[in-house]
Amino acid sequence: MGTDKPRRSVFELLALREKILITKKSRNLSLLRQELEKTERLRDQLDAAIDQTENGIGEQTAGQLRANNWYRGQMMEQRDTMRNRESFLSQEVDTTRRDVAQSRRRETRAADLATARKQTEAQDREDKAESDLFDRRRG
């Protein structure tokens, strides 16, 4: 039941796992950044619309004033919602960026350990081969 394919070490598997996680987290980070940009644009549009609905532009009836105030109030609520969403997305972007950096460090460390292990195994095989050769020459 032997296979010609060498077994991967635990460290190689860990490095591969981290690499996959980095890809997923990077994709999520990209989506979060897009959402954050969209939210910022929408908030800016709401700010501009609120500025345009300032009261005191010409004469207005009581009904027009009430309607204008209601409309302005609705836009202010939406702007507050966008600010909260922006704050939340900003925190998520920071957290995800930090997670990606940690995964990259873990992946690098695992890859380094896998390389060191391979070098050690190769050196051990070489030492054993030299020892066997020396023993054969002696005996």
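For the chain, the spherically averaged projection of the C-alpha convex hull amounts to 13.7 nm². When the charge dipole of the chain is built from unit charges on Cβ atoms (+1 for Lys and Arg, -1 for Asp and Glu) and taken about the Cα centre, the candidate among T115, N84, T23 whose Cα reaches farthest toward its positive end is T115. Over all other residues within a Cβ to Cβ distance under 13 Å of E37, the charged ones net out to +1, with Lys and Arg as +1 and Asp and Glu as -1.
The GNM of the chain, with springs linking C-alpha atoms under 10 angstrom apart, assigns the highest mean-square fluctuation among L29, L21, L65 to L65. You can think of it this way: the chain between L133 and L42 has 25.2 nm of extra reach, that is 0.36 nm per residue less the Cα-Cα gap.
Taking the helices alone, the chain has a mean residue ellipticity at 222 nm of -32500 deg cm²/dmol, built from -39,500 (n - 2.57) per DSSP H run of at least 4 residues and averaged over all its residues.
Of the peptides 66-77, 116-127, 100-111, the ranking by mean beta-carbon count within 10 Å, highest at the top, reads 100-111, 66-77, 116-127. Positive end of the dipole of region 10-138 (Cβ unit charges, origin at the Cα centre): among T53, S131, L42, the Cα lying farthest that way belongs to S131.
Charges were assigned to the Cβ only: +1 to each Lys and Arg, -1 to each Asp and Glu. The resulting dipole of region 10-138 about its Cα centre is roughly 600 debye.
If contacts are Cα pairs under 8 angstrom and at least 6 residues apart, what is the relative contact order of the chain in percent?
Once divided by the residue count of the chain, the mean separation gives 47 percent.
In this structure, N28 and R83 have a Cβ-Cβ separation that, at R0 = 25 Å, corresponds to a calculated FRET efficiency of about 0.65.
Taking 0.36 nm per residue of sequence separation and removing the Cα-Cα distance, the Q74/T108 pair yields an extension gain of 7.2 nm.
Computed from the coordinates by the stated procedures, all read-outs in this text should not be read as laboratory data. For clarity, every value in this text was computed on a predicted model and none was experimentally measured. Because the Cβ atoms are built from the backbone with ideal geometry, glycine has one as well, and the counts that use them run over all protein chains shown.
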